[in-house]
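Okay, structure first, notes after.
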Amino acid sequence: MSNIARQTQSVILDKPSFPTNKSTSLDEKMKRLRERLDLSQYKYILTRKVVNLIKDLIRSCDQDEADQLKTIIFNELEGNINILSEIALDDSNLINVRAIAARLFFAKVTNTPLHHSLRGHRSSLIRLGVVYGLADSGQWEEVSKYLRDRHATVSKRTQEIIDDAD
Amino acid sequence: MTQISNCSYLRFINNIDPSVFDIPDDGEVDLEGRIKAAALVFEPRSIDQGCLSVWKLQNIGEFNRLQAGFAALFRKKLENLNTLRIPDEVLENAHIEIKSSPNLEAFSCIAHLHYGLDLADQKSREALARELINWLAAKNLTLKSIYSRTRKQEIKEITKSVYLDCSPCVSQIDIDKAQPWARNIVINI
């Protein structure tokens, strides 16, 4: 073994198997970064999956199938229900997908800051989705506020939803 | 739905409200966005093997019969019945193939009126959505003239009235094909 090779082997063998303070801190940072990446990747995959399920829901005209799809969506989103509001607010999604996401979100959640961005959304179709979601979760006082919505279809449909519930 | 003289095809669209056709003038999206959203509604599910299920409407008098017959196919009563009426000439202009596909699960008086639209690819779905929008603009019509909503309570009334209309002239209505909820409505008349 040459001197250089012996020195190299010595360096490798002498390298402590336990991390130094500096490397611990670096390892932890790396670990946290990896976790964050995993989390955002997980969230991305989950979001795409939910968007596809909402598309299936839109394409379905069978009540049984629609109910099953809604159950699957809510099960998939356990603990991540805000993803629905993010889908509703993301203008890269189709407008009907966004409106249904808004409905499903309001059907499950009663009060988060994301509510405000959706409640008065400039899209009338998304606001109509909000009305349906509020009705699904029995928030009738909130539903009645849309009787005076600036879009005629939203206010008319709100009245119908209230009448149907009576 | 306004009277449209030519033959058309009914598509019973999504069971969850709201539909893109409820507010077609939503300022949030441009024309291309609307076309893409409408194209999604025309996308057949995987079990449909590329064909979108539609029902031929030869005259407006048959509209209620088709609605009642379609609703009676489902085990669970539908929340609503949203219907889009696609004129024959729109399908022709969009070069959409119409395939006869009798639905043997439906009442025999309407089974032969079931068809499939070949909409397997996104290009044809967007062509149909675009053609439909152009057709409405050319005729100076709004979407309301080809889109209708029937609410849950109305489905019951339609089922009753269709049965009463049919029963004197049809010697034997194959009511056994109806799901229990629809059969109960008819039995309790």
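The values are calculated or read from the model by the stated rules, or taken from the named source; none is laboratory data. As the structure is a computational prediction, the values presented were derived from the model and not from experiment. Positions of Cβ are backbone-derived with ideal geometry, glycine not excepted, and every protein chain shown enters the neighbour counts.
For the stretch B:31-54, taking the residues that are part of a loop (DSSP other than H, G, I, E, B) and more than 10 Å from chain A (Cβ to nearest Cβ), the one that is nearest to B:Trp135 (Cα to Cα) is identified as B:Gly50.
Applying the set (1) buried (at least 19 other Cβ atoms within 10 Å of the Cβ); (2) of a type in the set (S, T, N, Q); (3) more than 15 Å from B:Leu10 (Cβ to Cβ) to B:Asn93 leaves exactly one unmet item: (1). Answer yes if at least one residue in the stretch A:135-156 is modelled with pLDDT under 95, in a helix (DSSP H, G or I) and at the interface with chain B (Cβ under 8 Å from one of its Cβ atoms), and no otherwise. Taking every residue of the stretch A:135-156 in turn, at least one turns out to be modelled with pLDDT under 95, in a helix (DSSP H, G or I) and at the interface with chain B (Cβ under 8 Å from one of its Cβ atoms).
Checked against the criterion of being within 14 Å of chain A (Cβ to nearest Cβ) and touching a Phe, Trp or Tyr at 6+ places or on another chain (Cβ under 8 Å), the stretch B:88-102 contains not a single residue that satisfies it. Looking across the stretch A:63-111 at every residue that is assigned to a loop (DSSP other than H, G, I, E, B) and of a type in the set (A, V, I, L, M, F, W, C), the one that is nearest to B:Asn15 (Cα to Cα) is identified as A:Leu94. Taking the stretch B:116-145 as the range and being over 27 Å from B:Ser46 (Cβ atoms) and in contact with a strand residue (DSSP E or B) (Cβ under 8 Å, 6 or more places away or on another chain) as the test, only B:Trp135 passes. List pairs: first in the stretch B:42-58 and acidic (Asp, Glu), second assigned to a strand (DSSP E or B), Cβ under 8 Å, 6+ apart or cross-chain? Here the result reads B:Glu43/B:Leu52; B:Asp48/B:Gly116, each pair linking the stretch B:42-58 to a residue that is assigned to a strand (DSSP E or B). Every condition in (1) more than 14 Å from chain B (Cβ to nearest Cβ); (2) surrounded by fewer than 15 Cβ atoms within 10 Å (Cβ to Cβ); (3) among the polar types (S, T, N, Q); (4) out of contact with any Leu (no Cβ under 7 Å at 6 or more places or on another chain) is met by A:Asn80 except one, and the failing one is (4). Among the residues of the stretch B:59-87, the ones that are within 14 Å of chain A (Cβ to nearest Cβ) and either of a type in the set (A, V, I, L, M) or assigned to a helix (DSSP H, G or I) (or both) come to 10 in all. Filtering B:Lys99, B:Lys56 for residues that are charged (D, E, K, R) and under 12 Å from the mean Cα position of the chain (by Cα) leaves a single hit, B:Lys56. If the condition is being in a loop (DSSP other than H, G, I, E, B), of a type in the set (Gly, Ala, Ser) and touching an Asp or Glu at 6+ places or on another chain (Cβ under 8 Å), then the stretch B:92-140 contributes only B:Ala94.
Here's the yes/no breakdown for (1) modelled with pLDDT under 75; (2) charged (D, E, K, R):
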{"position": "A:Asn21", "(1), (2)": "yes, no"}
{"position": "A:Thr24", "(1), (2)": "yes, no"}
{"position": "A:Glu35", "(1), (2)": "no, yes"}
{"position": "A:Lys43", "(1), (2)": "no, yes"}
{"position": "A:Leu46", "(1), (2)": "no, no"}
{"position": "A:Cys61", "(1), (2)": "no, no"}
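All told, A:Lys55 falls short of being surrounded by fewer than 21 Cβ atoms within 10 Å (Cβ to Cβ) and more than 14 Å from chain B (Cβ to nearest Cβ). Could you look through the stretch B:49-82, keep only residues that are surrounded by fewer than 19 Cβ atoms within 10 Å (Cβ to Cβ) and basic (Lys, Arg), and pick out the one that is modelled with the highest pLDDT? Ranking the qualifying residues of the stretch B:49-82, first place goes to B:Lys56. Sub-7 Å Cβ pairs linking a first residue in the stretch B:136-148 that is under 16 Å from B:Asp17 (Cβ atoms) and touching a residue at least 60 places away in the same chain (Cβ under 8 Å) to a second residue that is part of a strand (DSSP E or B) and among the hydrophobic types (A, V, I, L, M, F, W, C), at least 6 apart or interchain, are B:Tyr147/B:Leu84, ordered by first then second residue.
Is there a residue in the stretch B:15-37 that is polar (S, T, N, Q), within 30 Å of B:Asp165 (Cα to Cα) and surrounded by 23 or more Cβ atoms within 10 Å (Cβ to Cβ)? Yes, the stretch B:15-37 contains at least one residue that is polar (S, T, N, Q), within 30 Å of B:Asp165 (Cα to Cα) and surrounded by 23 or more Cβ atoms within 10 Å (Cβ to Cβ). Filtering the stretch A:84-141 to residues that are more than 18 Å from A:Ile54 (Cα to Cα) and of a type in the set (S, T, N, Q) leaves A:Thr110, A:Asn111, A:Thr112, A:Ser117, A:Ser123, A:Ser124, A:Ser137, A:Gln139.
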